[in-house]
Amino acid sequence: MNIVPDIQPQRLAIKLKPSAEKMVMRGHPWIFENSIIKQNTQGSAGDLAIIYSAKKNTILAIGLYDPYSPIRIKLIQFRKTAQINDHWFHHKIREAYTIREPLLKTETNSYRLLFGENDQMPGCIADVYDTVLVIKLYSHIWFPYLNWIIPHLIKESNCKTVVMRLSRALQTTGETFGIKDGKVIYGNLENDVVVFKEHGVLFSANVIKGHKTGYFLDHRHNRKRVGDLSSGKTVLDVFSYAGGFSVHALAGGAKEVISLDISKQALEMAKKNASLNKHKGNHQIMVADAFDGLQELRNHKKKFDIVVIDPPSFAKRESEIEKAKHSYARLARLGVQLVKKEGILVLASCSSRVLAETFFEICEENISNSGRDFTILEKTYHDTDHPITFPEGAYLKCGYYQLV
C-alpha cells in the first residue's frame, strides 16, 4: 500500500551527554536537542538515530530524528538492536492490539489502538470508531514508515476506512507528501460523523473536523462508572463537551441531567448523542463559562446527587502549573456546594504537569475546608487502551467523593 512516495531514511550515529544517556538507559523516550554532543551527519525527519554509549560505543537505543522539534529524537527501540522494518511494525502493532482486546468484549467498538510513546510510536495516535480508523500524526518522523504501518493497523483493527489527521504544527511546517488533515486514504467514508459504541452506550464522532481524532476515549471507564451510579439521580456534568458523562448518566437511568459547557456547538453534539440512546430522563443544556455557571447554579440554590467536573488541561506549560492548581481548588470549592447530602462529587484532571498526588491533595483539602465530611469512594487513572510506560505519559486522574 503506497500512501506516500517511497522515502529512504538515512542512519545517524548519535552520542549524548551523560545525564541524557542515563535517561535512555532507564527507557525514557525523549532526547532533547541540547543533549546531543556528537552527530555524524545532518538529519532529516524520520531518519534512524542510533544512540551509542559515549564510553563503550555500544548501541543503547534507536530513535527517529525530528528536526522540527526540541525533542530532537523520539526513541522507539531500547537496549537491543533491531531492524526497523515492516516486521518490526507488525510486531509493535500486534502487541498494542493484544493489550486492547479485553475492551472489545465489553460492548465497546471504540478504542485507542496506538497511544504514542506508550506503544513505542511517539507522536502517532490511532483511534478506532466502529469500522473507521483515525490516525493522527504529531510529528513528521512517521511519513517514511506509513506504507508499512497502515496495512498492519487495518489488519489488526479490521477497519474498512482510514482517515488521516495532522496536528496544526504538521499542517504548517515541512513536507506532508500530499496528505492533508481529514484526508480519507483507504476505503470510503459515507458520513463525517461516525456512530460508535462504548459499554453499550451510543456516541458519535466527527472524524474529519472533530477535536483530536473526533472524540475523547480516555474517560470511558469513568463515564461508565458515573452511568452505573446514576439510576434515579440528578446529575450535573460540568465541562461536558459532547456529553460523555451526561449520556452515560441518562442511559443509566438518571431522572435529570444538566450538561454545562461554554461551547453551544459542543452541547448540540451532547443533545444528539443523548438522542442516540433510549432514556426517560430530562436532559437540559446550559451554555456558560464553567466557573460562572457553577456560581449561577449555587445562587439559585440548585443541588444534585452527582456533580462531575472534568476540565480541559489547565497546565499545558510549566508556567501554568500554579494557576492550574488554583483553578482545581476553586472548582472543588464550587462543586461541593452543589452536592446534596450523601451525594457524590467527581473531580478529574488531564493536566500531566499536575501530578495525581498533588491533584488529589488539592481536591481533598478544599472539600475539607468547606466543612463537609467525605468518603473517598475510589480513585481512577488510565483505561486499558491508554497504557502508561513513562512518567510524563501519565495525565488522567479522577476522584469520587461521597459528601456527608
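The values are calculated or read from the model by the stated rules, or taken from the named source; none is laboratory data. Remember, predicted model here, so these are calculated numbers, not experimental data. Here the Cβ is made from the backbone with ideal geometry for all residues, glycine too, and neighbour counts use every protein chain on show. Accessible surface areas use protein heavy atoms only, side chains included; no ligands, DNA or RNA. Shrake-Rupley method; radii C 1.70, N 1.55, O 1.52, S 1.80 Å.
What ³J(HN,Hα) values, in whole Hz, does the Karplus curve 6.51 cos²θ - 1.76 cosθ + 1.60 give for the stretch 42-56 when θ = phi - 60°, with x put for Gly and Pro?
Whole-Hz 3J(HN,Hα) from phi for the stretch 42-56: 5, x, 10, 4, x, 4, 7, 9, 8, 8, 9, 5, 5, 8, 8.
Leaving ligands, DNA and RNA out of it, work out the accessible area of F245 with a 1.4 Å probe and give it in Å² to the nearest 10.
Its heavy atoms expose roughly 10 Å² to the probe.
What do you get when you divide the Cα radius of gyration of the stretch 195-302 by 2.2 N^0.38 Å, with N the number of residues?
Dividing the Cα radius of gyration by 2.2 N^0.38 Å gives 1.01.
Taking the chain as a Gaussian network, where each spring joins two C-alpha atoms under 10 Å apart, which residue of Y129, Y186, Y241 fluctuates the most?
Y186
Can you give me the accessible area per residue for the chain, using a 1.4 Å probe, in Å²?
In whole numbers, the chain has 46 Å² accessible per residue.
Given the Cα-Cα distance of E361 and T384 and 0.36 nm per residue of separation, how much length would full extension add, in nm?
5.8 nm
Using a 1.4 Å probe and ignoring any ligands, DNA or RNA, find the accessible area of L60 and quote it in Å² to the nearest 10.
Surface accessible to solvent at L60 totals approximately 30 Å².
What list of ³J(HN,Hα) couplings, whole Hz, do you get for the stretch 20-29 from phi and the Karplus terms 6.51, -1.76, 1.60, once you set θ to phi - 60° and write x for glycine and proline?
So the Karplus estimates, Gly and Pro as x, are 5, 4, 4, 4, 4, 5, 7, x, 6, x Hz.
Mean-square fluctuation check for the chain, GNM, Cα pairs under 10 Å: which of L133, L355, L236 is largest?
L355
Normalised by the empirical 2.2 N^0.38 Å for globular proteins, what value does the Cα Rg of the stretch 210-253 take?
1.15
Where does the chain land at 222 nm, in deg cm²/dmol rounded to the nearest 500, when only DSSP H runs of n ≥ 4 count, each adding -39500 (n - 2.57), divided by all residues?
So the calculated ellipticity at 222 nm is -8000 deg cm²/dmol.
Would you work out the charge dipole size for the chain about its Cα centre, treating the Cβ of every Lys and Arg as +1 and the Cβ of every Asp and Glu as -1, and quote it to the nearest 20 debye?
Charge dipole, the chain, about its Cα centre: 280 debye, nearest 20.
Under the rule of at least 5 residues apart or a separate chain, name every residue whose amide H is placed under 5 Å from the amide H of F304.
Result for F304 returns V339, K340.
Run the accessible area of the chain with a 1.4 Å probe and give the carbon-and-sulfur part as a rounded percent.
Using a 1.4 Å probe with all protein chains present, the chain comes out at 49 percent carbon and sulfur.
GNM on the chain, C-alpha springs below 10 Å: top fluctuator among A315, A205, A356?
A315
So if I place +1 on the C-beta of Lys and Arg and -1 on the C-beta of Asp and Glu, and nothing else carries charge, what would the dipole magnitude of the stretch 56-167 be about its Cα centre? I want it in debye, nearest 20.
Rounded to the nearest 20 debye, it is 320 debye.
Name the residue from N299, G116, N222 whose Cα lies farthest towards the positive end of the charge dipole of the chain, charges +1 on Cβ of Lys and Arg and -1 on Cβ of Asp and Glu.
The residue sitting most towards the positive pole is G116.
Take the cross-link list K212/K278; K209/K264; K209/K278; K209/K272; K80/K155; K303/K379 and give me the ones stretching past 19 Å between alpha-carbons.
K212/K278; K209/K278; K80/K155; K303/K379
Filter the cross-link list K92/K183; K316/K340; K74/K136; K233/K271; K325/K397; K74/K325 down to pairs whose alpha-carbon distance in this structure exceeds 23 Å.
K92/K183; K316/K340; K74/K325
Taking a 1.4 Å probe, which of W148, W142 shows the most accessible area, and what order do the others take after it?
The most accessible residue leads, giving W148, W142.
List, in order, the whole-Hz ³J(HN,Hα) value for each residue of the stretch 261-275 obtained from phi through the Karplus relation with A = 6.51, B = -1.76, C = 1.60 and θ = phi - 60°; use x for Gly and Pro.
Ordered by residue, 3J(HN,Hα) equals 7, 6, 9, 5, 4, 5, 5, 5, 5, 4, 4, 5, 5, 4, 6 Hz.
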